[in-house]
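*Asks:* Sharing a structure, written as structure tokens. Questions coming.
The values are calculated or read from the model by the stated rules, or taken from the named source; none is laboratory data. Not measured: the values here are computed from a predicted model. Virtual Cβ from ideal backbone geometry, glycine too; neighbours counted across all protein chains shown.
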Amino acid sequence: MAARAYWQGQIRLALVSIPVEVYPATKSGAAISFHQIHEPSGKRIRYEKVAPGVGPVDRDEIVKGYEVEKGEYVLLDEEEIEAVKIESRKTLELVQFVDASDIDVLYYEKPYFIVPADDLAEEAYVVLREALRGTKKVGLGQLSVRGREQLVSIKPCGRGLVMEVLRYADEVNKAQGYFRDIADAKPEPELLDLATALIEKKTAPFKPAEFHDRYVEALQRLIEKKRKARGNRRILEDVDDTPATGGNVIDLMAALRKSVGSGRSASKAPAKASTAKKAATKKPPAKSTAKRKSA
């Protein structure tokens, strides 16, 4: 089944319009969801809509309300809410271009693939892609979809373009409030050198397929074990293989030296062993020579 487009329209740059289709670049990962069960009967718990002092109410009597003061609500029906939704437009106009480094990582929310809608659109699409790549800029615009207006950025990605939904300023917490109490001190040069060496030692190409959600995998194993057991026997499985420590107080210098040196000692060990073997093989001929001399 072909993927369903998130949005279809055109990207406009001044007088140039490029028909495009936008598709989600990500999907939800593996997840385990649970229901609440009444243990004695094995029946699933259901919930009723109730109002204090009234009891169960009909779904038709429920409207949305915004709390303006404690216990005081402004009531809105669906037609009123629909009336103020932004009309979905079929044009995404690029109104500004910025350096990619100007956008803090905190503002990026969700990526989408942009593809040309047809062969005729491909030429202009490629021109925009290469222009963005050559100038190392990111295009900004606002996309109206599903009643809301989203701030988005567009940048090259391989042979194509990627659109990323950005958070608005009021959706991002200021970092200063969290980092204010951290001392503005420089570390000792030797500590910094050891930390740098450790980073270089563990540097490798990013391969996301090598990382797995161990919690989800452990839950799946647990569920399968209980399904096969067909009983209520508890099965406790510990998946944390992190070695326990005696406390939070550590010798940072010693820990860094040990971390950096662990790889070196392992690589030298085989060389020592092979040297020892060579020495052992040379000893017997030396003894036979001694016997000849004594004879």
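*Asks:* Which of the residues spanning the range 146-188 are surrounded by fewer than 12 Cβ atoms within 10 Å (Cβ to Cβ), acidic (Asp, Glu) and not in a loop (DSSP other than H, G, I, E, B)?
*Replies:* Asp170, Glu171 - these are the residues of the range 146-188 that are surrounded by fewer than 12 Cβ atoms within 10 Å (Cβ to Cβ), acidic (Asp, Glu) and not in a loop (DSSP other than H, G, I, E, B).
*Asks:* If you don't mind, another one. Quick check on the range 229-262: of everything there that is among the charged types (D, E, K, R) and at pLDDT below 80, which residue is nearest to Pro189 (Cα to Cα)?
*Replies:* Only one residue tops the list, namely Asp241.
*Asks:* Separate question: Before we move on, is Tyr112 in a helix (DSSP H, G or I) and either at pLDDT 90 or above or closer than 14 Å to Gly9 by Cα (or both)?
*Replies:* No; evaluated as a whole, the condition is false for this residue.
*Asks:* Let me ask another. Could you tell me whether Ala169 is farther than 30 Å from Ala83 by Cα and of a type in the set (A, V, I, L, M, F, W, C)?
*Replies:* no
*Asks:* Okay, next question. Hey, any hits in the range 187-195 for a residue that's closer than 25 Å to Lys27 by Cβ, in contact with a Leu (Cβ under 7 Å, 6 or more places away or on another chain) and not polar (S, T, N, Q)?
*Replies:* So far as the range 187-195 goes, no, none of its residues is closer than 25 Å to Lys27 by Cβ, in contact with a Leu (Cβ under 7 Å, 6 or more places away or on another chain) and not polar (S, T, N, Q).
*Asks:* Next question, about the same structure. Considering the range 189-201 alone, what residues qualify as being surrounded by 10 or more Cβ atoms within 10 Å (Cβ to Cβ) and either of a type in the set (D, E, K, R) or touching a His at 6+ places or on another chain (Cβ under 6 Å) (or both)?
*Replies:* Glu190, Asp193, Lys201
*Asks:* Looking at the structure I just gave you, is Leu132 farther than 20 Å from Ala5 by Cα, in contact with a Lys or Arg (Cβ under 7 Å, 6 or more places away or on another chain) and assigned to a helix (DSSP H, G or I)? So that I can check it myself, show each step before the final result.
*Replies:* Values: farther than 20 Å from Ala5 by Cα: yes; in contact with a Lys or Arg (Cβ under 7 Å, 6 or more places away or on another chain): yes; assigned to a helix (DSSP H, G or I): yes.
When the stated conditions are applied, Leu132 passes them.
Matching residues to (1) surrounded by 15 or more Cβ atoms within 10 Å (Cβ to Cβ); (2) under 30 Å from the mean Cα position of the chain (by Cα); (3) of a type in the set (Phe, Trp, Tyr):
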residue: Glu93; (1), (2), (3): yes, yes, no
residue: Ala100; (1), (2), (3): no, yes, no
residue: Tyr112; (1), (2), (3): yes, yes, yes
residue: Ala131; (1), (2), (3): no, yes, no
residue: Lys136; (1), (2), (3): no, yes, no
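*Asks:* Turning to a different aspect of this structure: How many residues are in a strand (DSSP E or B) and over 31 Å from the mean Cα position of the chain (by Cα) if we restrict to the range 73-91? Give the derivation first.
*Replies:* Step one: of the range 73-91, the residues in a strand (DSSP E or B) are 73-76, 91.
Right, trim to over 31 Å from the mean Cα position of the chain (by Cα) and you get 73-76.
Of the residues in that region, 4 qualify.
*Asks:* Something else about it: Quick check, is Val63 surrounded by 10 or more Cβ atoms within 10 Å (Cβ to Cβ), at pLDDT below 90 and more than 33 Å from the chain's Cα centre (by Cα)? I'd like the intermediate steps shown before the answer.
*Replies:* Values: surrounded by 10 or more Cβ atoms within 10 Å (Cβ to Cβ): yes; at pLDDT below 90: yes; more than 33 Å from the chain's Cα centre (by Cα): yes.
When the stated conditions are applied, Val63 passes them.
*Asks:* I need the full set of residues from the range 66-108 which are aromatic (Phe, Trp, Tyr) and either touching a Phe, Trp or Tyr at 6+ places or on another chain (Cβ under 8 Å) or modelled with pLDDT under 90 (or both), in order please.
*Replies:* Scanning the range 66-108 gives Tyr66, Tyr73.
*Asks:* Then there is this: Looking at the range 17-46, I want the residues that are closer than 30 Å to Val126 by Cα and have a partner that is polar (S, T, N, Q) and assigned to a loop (DSSP other than H, G, I, E, B) with Cβ atoms under 9 Å, at least 6 apart or on another chain. Which pairs are those?
*Replies:* Hits for this filter: zero, empty list.
*Asks:* Then there is this: For the range 18-41, which positions are within 20 Å of the chain's Cα centre (by Cα) and of a type in the set (A, V, I, L, M)?
*Replies:* If the condition is that a residue be within 20 Å of the chain's Cα centre (by Cα) and of a type in the set (A, V, I, L, M), then Ala25, Ala30, Ala31, Ile32 are the ones that fit.
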